[in-house]
Amino acid sequence: MRLRSLVSFAGVCAKLAAADRQVFAHYIVGLTSGQSRDEWQLDISQAKASGIDGFALNIGAQDNYNDAQLHLAYDVASSNGFSLFLSFDMQASQWSADEISSYINTYKGFSSQFRVNDLPVVSTFEGPSQADIWPGVRSATGGIFFIPDWASLGAPGVGNKLSLIDGAFNWGAWPERDQLTMSTGNDIAYKSVLQGKPYMMGVSPYFYTNLPDKNWYSSSDSLWFDRWKQVLDINPEYIEIITWNDYGESSYINAPISHQVVPGADIYVTGFDHTAFRFVLPYFISAYKAGNTGVTVPSEGAMAWYRTTPVIVCNDGGTVWGQGGGASAAGATKDVVSIIALTNTPTNINVKIGNGDNGQSVSATSTVGKASFYEVPINGRTGAVTITLNGKSTTGPEITNSCPSAGRVNFNAVSIQV
């Protein structure tokens, strides 16, 4: 029996090694009450145009509109050659094995259901305390390919549950508290403990939240570039971008939809478009899938992100540096304009802040393949930000020394594209 088990596992790994790498975006279904078919079509079309293969659909047990929205999502995705899989939020809600099995059985037959080894992929947000329900779910559904996020256990804890899982998703996609940049130590640990089972790597552009039960900023001045560079080093089997639409945590990569922004978050989300973060995705995703940074740049250009409120302007609103941190978030950012350019040959970028600024030509501080990163200190300047690359320019919202109406620094960023 032991020999048969090893042979079977080797066969699974061989199939996975031959499978295409896939990139998903974490999508909060809990924000979609009343969402129309056209709205699902827009999200899916935009994601697909960015090179994203599918959505991981985060669902909570308390939402009575799950069925209506999931049917729309799976149906629209099926018509667009887009993949979906269910991600049960077990941190914010209580799920029973029967409920989980029912959802899987309802949607596993759609052509848009993401499958590995002909089994529907299923994930979670947390839930390791209910780990023992999953063998029953496998039995009740005829089999699943289970890739949970049990990041609260840490990589060693996940490694202790290998018999229950088919792979693992690591939610850790931001620098630790009191750290300005992200390391790959946790990714490497996951790859090691999984012993060949697939690793789904979390990648995120940003993090800031200021809500009654959570208030922190994770250093994000260079995160979007750093993390994609790390993807090319780690070469995970799958990627999950965190997130498509979690406005309350400022990790979204689209334009905020006002009625989907949770109460309290509108103060730091309204007017803070993150669409430009998607500009670099077609290149980075192509490079990841090819295992080669020499892939074609779909379109030369650049995107930039920056905060419109320097940290010295007013108080930090009690925001701490990283989850579980104690230091002020004011130390977590350098007050800079951050830029990623995609060019076939290295080039300088001109950055202008305000009307009295003639602009400055800046060179890249880091490069991977055809993507280059630039960082320009604000140095007390105020006014609109203009980025110029190869004769093309774009101007974004003003940086101001006026304290926001909320009476605290807004640690969220705007994004622009040239």
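Just so you know, all these numbers are worked out from the coordinates, no wet-lab data involved. Quick caveat, the model's predicted, so the values are computed rather than measured. For neighbour counting, all protein chains shown are included, and Cβ atoms are generated from backbone atoms with ideal geometry for every residue, glycine included.
Set Lys and Arg Cβ to +1 and Asp and Glu Cβ to -1, take the dipole of the chain about its Cα centre, and tell me which of Asn160, Asn215, Pro256 lies farthest positive.
Asn160
In whole Hz, what ³J(HN,Hα) sequence does region 204-209 give by Karplus (6.51, -1.76, 1.60; θ = phi - 60°), x for Gly and Pro?
9, x, 6, 7, 7, 9
By how many degrees, between 0 and 90 and to the nearest 10, does the Cα long axis of helix 66-79 differ from the longest principal axis of the chain?
Helix 66-79 sits at roughly 80 degrees to that axis.
Counting only C-alpha contacts under 8 Å and six or more residues apart, can you give the relative contact order of region 301-417 as a whole percent?
For region 301-417, the relative contact order is 36 percent.
What list of ³J(HN,Hα) values in whole Hz, one per residue of region 401-412 in order, does the Karplus curve 6.51 cos²θ - 1.76 cosθ + 1.60 (θ = phi - 60°) give from phi, with Gly and Pro shown as x?
Along region 401-412, the couplings run 9, 8, 5, x, 4, 6, x, 8, 5, 8, 8, 6 Hz.
Charges only on Cβ, +1 for Lys and Arg, -1 for Asp and Glu: so what's the dipole of the chain about the Cα centre, in debye to the nearest 20?
1000 debye
Placing +1 at every Lys and Arg Cβ and -1 at every Asp and Glu Cβ, with all other atoms neutral, what dipole size does region 81-227 have around its Cα centre, in debye to the nearest 20?
I would put it at about 340 debye.
Using Cα pairs closer than 8 Å and at least 6 residues apart in sequence, work out the relative contact order for region 18-290, in percent.
17 percent
Using the Karplus equation 6.51 cos²θ - 1.76 cosθ + 1.60 (θ = phi - 60°), what ³J(HN,Hα) coupling, rounded to whole Hz, does each residue of region 379-393 give in order, writing x for Gly and Pro?
Result, rounded to whole Hz: 6, x, 6, 10, x, 5, 9, 10, 10, 10, 9, 6, x, 9, 10.
Report, by chain and number, residues whose modeled amide H sits under 5 Å from the one on Met182, excluding near sequence neighbours (fewer than 5 apart, same chain).
none
If I model a spin label at Gln94 and Thr395 as a point 7 Å from the Cα along the Cα→Cβ vector, what separation in nanometres do I get?
So the label points at Gln94 and Thr395 sit 5.7 nm apart.
Pairing the Cα long axis of helix 281-290 with the longest principal axis of the chain, what angle in degrees results, from 0 to 90 and rounded to the nearest 10?
Long axis of 281-290 versus the principal axis of the chain: about 50 degrees.
Between Val297, Gln360, His26, whose Cα lies farthest towards the positive end of the dipole of the chain when Lys and Arg beta carbons carry +1 and Asp and Glu beta carbons carry -1, centred on the Cα centre?
Val297
Determine the percent antiparallel among the DSSP beta bridges restricted to region 18-290, to the nearest 5.
DSSP beta bridges in region 18-290 are roughly 15 percent antiparallel.
May I ask you to work out the translational diffusion coefficient for the chain at 37 °C, viscosity 0.692 mPa s, via Stokes-Einstein with Rh from the Kirkwood sum over Cα pairs, reported in whole µm²/s?
148 µm²/s
What's the angle, to the nearest 10 degrees (0 to 90), between helix 97-107's Cα axis and the longest principal axis of the chain?
80 degrees
Given charges of +1 on the Cβ of Lys and Arg and -1 on the Cβ of Asp and Glu, with all other atoms neutral, how large is the dipole of region 213-284 about its Cα centre, in debye to the nearest 20?
Dipole size: approximately 140 debye.
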